[in-house]
Amino acid sequence: MEVVKEDEDDTNHEGRDDEVASVGRTSSKGDVSSPSSSGSESDEEAAEEVQIGALQQQLEENPLNYEAHVQHIHHLRKLGHVEKLRQARESMNKYFPLSPKMWQDWAKDEATLNQGSENFEEIEKLYERGVHEYLFVPLWCDYLEFVQEHDPSVLECAPGGLSKMRTLFERALTACGLHFSEGSNIWEAYREFEQAVFLTIDGSDNEEKVKQAQRIRALFHRQLSVPLVNLRSTLTDYKLWEAEQGNPNDVNSEFDGVPSNIVSAYQKSLEMGNARASYEAQLSNHDATEVDRLQHFVNYIKLEDSIGDPARVQVLYERALADFPVSSDLWLGYTSYLDRTLKVSEFVKDVYSRATRNCTWIGQLWINHMLALERLSASEKELSTVFERAIQCSFPGFQEYLDLFLTRIDGLRRRISSTVAKEDGLDYSLIRETFQRAADYFSLQVVSINDLLHLYAYWARLEGTLGNDFVAARGVWESLIKKSGSLLEVWQGYLAMEIGMGHINEARSIYKRCYSKRFQGTGSEDICHSWLRFEREYGTLDDLDLSVKKVTPRLQELMAYKPQQDSKGSLSTQKDGSVAVIASQKRKANKTYGDKQPPAKKRKDVTIERSETSTPVPSSTSSIVDNVKAYNQQEETLQDTGDHEHNVKGVGDSKLSKTKLFYTDKCTAFISNLSVEANENHLHGFFMDSGGVTAIRLLRDKFSGKSRGLAYVDFSDEEHLAAAVAKNKQKLLGNKLSIARSDPKQGRNKSLPPSMSSRSHGKGTRSRGSEAPPREESRNTAKPARTVTFATPRAIAKPLGWSKRELPTDETTEKPKSNDEFREMFLKK
């Protein structure tokens, strides 16, 4: 089979391709392909190339596709594309830690391709990168074996080479020498190395031989004091080795020839091993599920933590993370344990770096990382690097981003207040810049008002205390008022800052600005009473009199407005709870009037034809206006499009008079294409940067209560309304909103009779063929317009163009036809 080469002129790469490809084929098929199957292999190779191309395309579109990286490396290794394989591995490691097995395969491939010593250092660095990621005993064994076989200084038994090898073995013992089930492999490899060195010593150099024998003896003693599997066989090997050194002992006696201190340490190790045997058996059970194995590790870690040996706890955490590298609970527990018990700065930094690479989406890990660096007196460069990496990650919620910004600001504040600021060249401008970045970021997101107030209050306080700039502190609150001036909490925070700093006149000016504003709930009354209390505690008598003079009319106005609000709430509750009852009463009334009562009688009923409920209206014009205003408040939740028309009928003396009243939206935005999941809080957050929101009316279906995707938002003035309309076509919850100024006159269809216009727009739909001629023309028309009315409520199902005076009558009795006769005649026409 011909292997695809990266460069036809590079024969060295061709040879490497063949070696790696043969490794891949042997591992996947068990044997090199025979000539008889060359045709099928060519087809298989072509399919592999297609697969590689598709995977490369996926990775170009989304470099964070972990599974695509794994498959890409697998197929490249199978075909032996050396350079592409190396690049693919580096590319994956740029975004993700490689698994221990992937590091082992990579190092073996490179070692196979580079048999000479010219590339020894590069492969050695590759092994270092692998053992740094996870605790994996087989990778350590391969690393130790590779250095022994390829390092010239070690092969020559030079003093430098021997020292280097012993240092590497000690590192391996520190990393995994306490591994209960596999740690003995490192100990045995270390002893075999020292025994090999012993054999190379000249027989005449007895002093060196004794020294080397003592090294081997010390290794035995150290291993016998560690709880590991097969510890009894290690004791047997030790006794045999001592016998070879001329120290005979009784093989039938377990401890004959063994020093007493080693016997004591050995027995303690056996007891520790017995206490852990059940936990190790659970971990070695291959039939256990992943969830069960993770729980077994957690229970095992709790045991070691209760015993209080930090080294064993650390090794057990590393074992668990090698099997569950993306378990955030394990990383959080491991780093928290190190923060409490270990003060080795470089090791703690390394663990946090690995944790954030494996679980980039866990905000708490990034926060703990920054706090750990600050405890370890890390430089500003290190801290800023971690922070910048953190805010580029994707977190499940906005709270994580807020906590990151606040953690960064907290750290800067602490360090600027200490002597570290002079060493790192820190000044307050860095805090101000971080606050501004946070404010810009959260101005585009939906966050809770409490979180936003916390951020701005913190910012304003630091401007005054650390920055010594009270003008800038006031500017912070003024910027928030422009965005969310309709929220009482914003003004209260501003006032609290000024009062806390003793700026009484400035606080009084703020009260004068906000006491007349409209706030939600009892906020308007609260701010008035707050001003009065402020003047009693801080002001003169003249100040108190002035506040009473201004606040009293405002409170009276609010008290007069409160009954209307209460009426609105009770009417809304009554309407929602009795829709079916009202509808049934109407149907019953319609049936009675249609059979017995003449149409002329209906004209004497004084009603507002707006919805299924009606409100009696007095005959005087002023009373009508007042009542309609109250009715507007009652029906705000039932508005649909721009048509807010009320058709009011009143009776004065015995004559019929009609008055048309319209809901005039002075500073109101009409929003459509809302997501059905959007509520008032979402809309309030969406318009937070525009500011000035005074009321939000989300239209809901009166039967199901679900949102109809439409809303009205009232603003305090034209400036805030214009800013809101400028957000047209921006997205909220995935839907691109349509935002326009509400204009009832523009949205009204003047060609329809008022009663029909109100009904059709109120429902949000219009029946096919519902266009009608103007009223004046229809009165002079002999035949009614052909309009489909089968979907129209019976109370208004009458031909357009016929007034009540012109209803068809029976030719014999000259009385108005019944409803059924009328409907049959109309359908025939």
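The values are calculated or read from the model by the stated rules, or taken from the named source; none is laboratory data. Just so we're clear, the structure is a prediction, and the values are computed from it rather than from any experiment. In this analysis, Cβ positions are derived from the backbone assuming ideal geometry, glycine residues included, and neighbour counts consider all displayed protein chains. Ligands, DNA and RNA are excluded from the accessible area calculation, which covers all protein heavy atoms including side chains. Shrake-Rupley method; radii C 1.70, N 1.55, O 1.52, S 1.80 Å.
Beta carbons within 10 angstrom, averaged per residue: use that to sort the peptides 355-361, 546-552, highest first.
Working: 355-361: 19.4, 546-552: 15.4.
Packing proxy ranking, top to bottom: 355-361, 546-552.
Quick one: how many Å² of H132 are accessible to a 1.4 Å probe, rounded to 10?
About 90 Å², ignoring ligands and nucleic acids.
When the Cα atoms of the range 78-123 are enclosed in a convex hull and the volume is divided per residue, what value in Å³ results?
Details: hull volume 3.9 nm³, N = 46.
Each residue corresponds to 84 Å³ of Cα convex hull volume.
Could you work out how far the C-alpha centroid of the range 146-178 sits from that of the range 471-516, in angstrom?
The range 146-178 and the range 471-516 have Cα centres spaced 69 Å from each other.
Which pairs break 24 Å Cα to Cα here: K211/K239; K125/K381; K666/K729; K483/K549; K562/K727; K483/K517? Write down the numbers at each step before the final one.
Working: K211/K239 19 Å; K125/K381 26 Å; K666/K729 22 Å; K483/K549 30 Å; K562/K727 33 Å; K483/K517 15 Å.
Listed pairs above 24 Å: K125/K381; K483/K549; K562/K727.
Can you list residues whose amide H is under 5 Å from L732's amide H, if they're 5+ apart or on another chain and H is modeled 1.01 Å from N?
Amide H to amide H, under 5 Å and 5 or more residues apart or across chains, L732 pairs with L737.
Could I get the Rg over Rh figure for the range 63-216? Both from C-alpha atoms, Rh via Kirkwood, rounded to two places. Mind dumping the intermediate values first?
Working: Rg = 18.3 Å, Rh = 17.2 Å.
My calculation of the ratio gives 1.06.
What whole-number value in cubic angstrom gives the convex hull volume per residue for the C-alpha atoms of the range 261-314? List each step's numbers first, then the result.
Values: hull volume 4.5 nm³, N = 54.
For the range 261-314, the hull spanned by Cα atoms encloses 84 Å³ per residue.
Tell me the label-point distance for the pair V725, S429, using the 7 Å Cα-to-Cβ offset, in nm and rounded to one decimal.
That separation, rounded to one decimal, is 4.1 nm.
Kindly report, to the nearest 10 Å², the accessible surface of Y561 as traced by a 1.4 Å probe over protein heavy atoms only.
About 80 Å², rounded to the nearest 10.
With N denoting the number of residues in the range 248-392, provide Rg(C-alpha) divided by 2.2 N^0.38 Å, to two decimal places.
Working it through for the range 248-392, the quotient is 1.38.
Using every pair of alpha-carbon atoms in the range 161-250, split the distances into 10 Å bins beginning at 0 and state the percent of pairs per bin, rounded to integers.
16, 47, 31, 6, 0
Which net charge results when you count Lys and Arg as +1 and Asp and Glu as -1 among the other residues whose beta-carbon is under 9 Å from that of A472?
Summing Lys and Arg as +1 and Asp and Glu as -1 gives 0.
Taking a quarter of the surface of the Cα convex hull of the range 289-366, what do you get in nm²? Spell out each step's value before the answer.
On the way: hull surface 19.7 nm².
So the Cα hull casts an average projection of 4.9 nm².
Rounded to the nearest percent, how much of the accessible area of the range 435-475 (1.4 Å probe, protein heavy atoms only) is carbon and sulfur? Can you show the working numbers first?
Numbers: 1070 of 1900 Å².
Reported share for carbon and sulfur atoms: 56 percent.
Compute the relative contact order of the range 190-337 as a whole-number percentage, counting only Cα pairs closer than 8 Å that sit 6 or more residues apart in sequence. Working shown, then result.
On the way: 79 pairs, mean separation 21.0, N = 148.
That works out to 14 percent.
Tell me the label-point distance for the pair T167, V50, using the 7 Å Cα-to-Cβ offset, in nm and rounded to one decimal.
Taking the simple label geometry, T167 and V50 are separated by 5.4 nm.
If you take every residue apart from L235 with its C-beta less than 14 Å away from the C-beta of L235, what net charge results, scoring Lys and Arg +1 and Asp and Glu -1?
Spelling it out: positives minus negatives among the neighbours equals 0.
Multiply the residue gap between R222 and E90 by 0.36 nm, knock off their C-alpha separation, and tell me the result in nm, one decimal place.
Numbers: separation 132, 0.36 × 132 = 47.52 nm, distance 3.93 nm.
Length gained between R222 and E90: 43.6 nm.
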